[in-house]
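In what follows, a structure is listed as structure tokens, so that the remarks can point back to it.
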Amino acid sequence: MVPGTGATSSACTTGRGGICQIDHMSAPLRLTFVQSGTKVSDLPASPVEVAFVGRSNVGKSSLINALANQKQLARVSNTPGRTQLLNLFSVDSAGGGAASGGPPTGTVMDLPGYGYAKASKSVRRDWPAMIEGYLLERENLAMVFVLVDGEIGPTKLDTQMLDWLRYNTIPHTVVATKMDKVKSAKRATRRKDLAAGCSLDLGDIVWVSASKGDGIDALRSLVRTWTDTAR
Ligand code: GDP
């Protein structure tokens with residue numbers, strides 16, 4: 001089973017030393033910016049979409065850039081909260097996408113980071129509505145990847161988001177970021193604590209490091225599984 005999704009991954013084979021290896025998954029996702037908007041009605045329809053959401057500064061832009069192996073696709077910033085729009089990307093499907101005569105491409109949504117304390121009052125007021133409106137209204141939203149900072153664990157805002165997604169039965173998977181910041185001696189405990197803090201099992205969490213590349217292939221594979229319209 002793919003962690004936290006209830007889906008079966010067919011991409012995993014047992015490689016040397018019995019370690020699970022993901023086939024064909026090292027190629028970066030071919031993400032192309034499509035459009036920004038503030039509400040669902042601003043956006044073109046999509047056959048299938050996954051979304052990334054998380055607290056400001058959780059490492060979302062770095063992660064999206066790592067998935068695509070690009071430096072500037074999503075804006076990485078030391079000023080959290082600069083990405084305040086719904087940013088839509090197309091992701092090339094196995095068939096190459098509509099432009100090359102294949103099936104239409106699935107899409108990836110980069111949602112604005114929540115909880116940036118220094119944002120203006122009006123922005124802080126509008127953000128939840130923008131994110132919640134999108135999550136409730138977007139058709140063909142197959143999976144929401146909820147990013148949680150692996151170094152500091154789930155914050156109150158993170159657990160509120162998870163509770164809200166559960167209440168609204170929106171499919172989601174928790175991705176723990178910045179794995180490299182957790183000392184290897186402490187990782188087992190941190191994995192356990194973070195899963196418990198999210199009211200999830202250990203195996204439900206996908207751990208990644210955008211800086212070091214850990215877990216990036218596995219997450220690419222998950223994104224492909226969900227957005228491949230040819231499956
Ligand atoms: P966003 O606000 O969620 O888009 O977060 P950013 O991608 O802009 O990252 C916030 C800060 O965390 C930046 O200083 C990044 O360099 C840093 N960061 C992001 N991912 C990682 C990671 O995997 N490891 C480490 N050590 N730092 C990271």
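Numerical summary
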{"item": "Two-site label geometry, S184 and D214: point separation in nm, points 7 Å out along Cα→Cβ", "result": "0.9"}
{"item": "Residues whose placed amide H lies under 5 Å from that of G54, excluding near-sequence neighbours", "result": "Y114, L147"}
{"item": "Charge context of R190, other residues only, Cβ under 14 angstrom, K/R +1, D/E -1", "result": "+2"}
{"item": "Overall Cα dimensions of region 142-231 - principal axes, largest extent first, Å", "result": "42, 30, 18"}
{"item": "FRET efficiency, K156 to A27 (Cβ-Cβ, R0 45 Å, nearest 0.05)", "result": "0.75"}
{"item": "Environment charge at V174 (Cβ cut-off 10 Å; Lys +1, Arg +1, Asp -1, Glu -1)", "result": "-2"}
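Each reported figure results from applying straightforward, stated rules to the coordinates on display, with no laboratory input. These numbers come from a predicted model, not from an experiment. Cβ sites come from the backbone with ideal geometry, for glycine too, and all protein chains shown count toward neighbours.
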